[in-house]
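Here the structure comes first, spelled out in structure tokens, and everything after it is commentary.
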Amino acid sequence: SAGATSQTITVSIPQGVQTRAAAADFGDGSQIDRCLLQIYRNGQPYGEQQTATVTGNTATFNLRLVAQQKYDFVFWADCANGSEGSFTDKVYNTANLKSITEIGPFVGNSDERDAFFAKESFKVTGSFTKPVTLKRPFGLLVVKTNDLNEIKDEALKPTGYSVAFKGLPTTFNALTGEVSGSA
């Protein structure tokens, strides 16, 4: 049939982070609470951006698409303000998944800044159920010490740190996976 059929896409957000050092209390994806889906056809948005609540590290989208058509499915999962049905952007401006930007200044070691994305392209030939695993669109840098208590003199203990970055991209295109801008 060339008519509309029902489809289900289930998105998985990976738990944990692969690092050389143990960083169990950062970068575990536990702050991710919403997942966005924008469907594109021929590079243009096909319908409205959809939002699903992330529960148990998964989000599910139920769709009705026209068979025999090729679509690009673009997903973005992040930490948002609000709750199911009333999510608003908290850390990233996601009105356009081809131009995702940060809201406000960068803050290090903040799991709220974690995010995941994926792009899947395929021709819809009928009803389907498809699992998709998201991945981080950027590196995650965690600065941590496990031996601070070994410094016996309180005056010698560091009270903070700073990391300087140059030439960081300011915009992420989840459709192409490319970055642009510089700060």
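The values are calculated or read from the model by the stated rules, or taken from the named source; none is laboratory data. Everything quoted here is computed from the prediction, not taken from an experiment. Every residue, glycine as well, gets a Cβ built from its backbone with ideal geometry; the counts of neighbours run over all protein chains shown. Heads up: the accessible areas ignore ligands, DNA and RNA and are worked out on the full protein's heavy atoms, side chains in. Shrake-Rupley method; radii C 1.70, N 1.55, O 1.52, S 1.80 Å.
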* Structure fact -> Excluding ligands, DNA and RNA, the carbon-plus-sulfur percentage of the accessible area of segment 45-183 with a 1.4 Å probe reads 50 percent
* Asked: Heavy-atom accessible area per residue, the chain, 1.4 Å probe: how many Å²?
  -> 59 Å²
* Give the accessible area for E84 in Å² (nearest 10); use a 1.4 Å probe, count only protein heavy atoms, and leave out ligands, DNA and RNA. => 140 Å²
* When a/c is below 1.5 the answer is rounded, else prolate if a/b is larger than b/c, else oblate, so apply that to segment 120-183 with a ≥ b ≥ c taken from the square roots of the Cα gyration tensor eigenvalues. => oblate
* What is the chain by shape, rounded, prolate or oblate, if you read a ≥ b ≥ c off the alpha carbon gyration tensor as root eigenvalues and call it rounded for a/c under 1.5, prolate for a/b larger than b/c, and oblate otherwise? -> prolate
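Provide the gained length on full extension for the span F165 to R64, in nm with one decimal, where the gain is 0.36 nm per separating residue minus the Cα-Cα distance.
On the way: separation 101, 0.36 × 101 = 36.36 nm, distance 4.41 nm.
Contour length minus Cα-Cα distance gives 32.0 nm.
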* Rank these by accessible area, largest first, 1.4 Å probe: R136, R113. => R136, R113
* Take the alpha-carbon centre of segment 58-77, take the same for segment 102-168, and report the distance between them in whole Å. => 26 Å
* Does anything in segment 89-128 have its amide N under 12 Å from the 7 Å Cα→Cβ label point of V142, and if so which residues? -> 109-111
* Structure fact -> Ranked output for segments 55-61, 151-157 by mean other Cβ atoms within 10 Å, highest leading, reads 55-61, 151-157
